[in-house]
Amino acid sequence: MTAELGNLKGYDPFADTEDNDGSGAGIQGGLIHIRIQQRNGRKTLTTVQGIHPKFDLKKLARVCKKKFNCNGTVVEHPEYGEVIQLQGDKREAMNSFLSEVGIASSDLIKVHGF
């Protein structure tokens, strides 16, 4: 009997409250980081990291490429996981796009760079 009670103490029913799948909203719980990287001369890359895995990043990259008139891809980063890369400085456009589509609220988006 005491072994059964000991097992119940280890279970936290509210441990996964950050997951918003049941609420009907498409907004995720973690931070999304939008960064800029300098390439050659005036060339830059915009990287978007931290989008929830339930979203298809390849489809999202395709829509962003058409909307922002740039080229881009999804790459696997060893530390950050899958990251969207877009050519050019698209930080503010990507920030407004993610808020407008409903992937993340504006307080969950962190824009980095100079």
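Read the figures in this text as sums done on the coordinates, not as results from a lab. As the structure is a computational prediction, the values presented were derived from the model and not from experiment. Cβ sites come from the backbone with ideal geometry, for glycine too, and all protein chains shown count toward neighbours.
Would you mind counting up the charge near ILE51? Only other residues with Cβ under 12 Å from its Cβ, with Lys and Arg at +1 and Asp and Glu at -1.
+1
Going by how many other Cβ atoms sit within 10 Å of their own, how do SER106, SER99 line up, fewest first? Numbers along the way, then the final one.
Numbers: SER106 10, SER99 16.
Ranking SER106, SER99 by Cβ neighbours within 10 Å, fewest first, gives SER106, SER99.
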